[in-house]
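Q: What follows is a structure written as structure tokens; I'll ask about it next.
Bear in mind that the values in this text are calculations on the coordinates, not laboratory data. Remember, it's a predicted structure, so these values are computed and weren't measured experimentally. Neighbour counts are summed over all protein chains in view; Cβ atoms, including those assigned to glycine, are modelled from backbone coordinates with ideal geometry.
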Amino acid sequence: MKKRSDTWYLASAGILFGLFLLNIFLGKAALVFDMEPILTIGDVGEFLILLAAVIFFVIVVLRLESQESNGKTKSANNAEEEI
């Protein structure tokens, strides 16, 4: 990752996905131990958190793919010139 913004997007995706997992585990623990859930986000909130995490992750992957494809394009052009 060459750009600083890529690390921020990846960190944001990780934090949001961690929050999503934390909500799921706390909800399951509340059901198992017959307690009131500590953190209640709701279905729509869970969806929005997971959607944001996926969007940030896709942004990072697309940026890395574009950086990688730029390098391959240059070497492919050099190989065509040699032939």
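Q: Each label point is 7 Å from the Cα along the Cα-to-Cβ direction; what then is the distance between the points at GLU36 and LEU22, in nm?
A: Here the answer is 2.0 nm between the modelled labels.
Q: Tell me, VAL54, VAL60 in order of fewest to most beta-carbon neighbours within 10 Å? Don't skip to the answer; put the middle values down first.
A: Details: VAL54 13, VAL60 20.
Ordered from fewest to most neighbouring Cβ atoms within 10 Å, VAL54, VAL60 come out as VAL54, VAL60.
Q: Moving on to the next point. Between LYS3 and VAL54, what's the calculated FRET efficiency when r is the beta-carbon distance and R0 is 30 Å? Round to 0.05. All intermediate terms of the calculation are to be shown ahead of the outcome.
A: Numbers: r = 20 Å, r/R0 = 0.67.
The formula returns an efficiency of 0.90 here.
Q: Calculate the dipole size of region 4-75 relative to its Cα centre from +1 charges on Lys and Arg beta carbons and -1 charges on Asp and Glu beta carbons; express the result in debye to the nearest 20.
A: On the way: 5 positive and 7 negative charges, 100 e Å.
Its charge dipole is roughly 480 debye.
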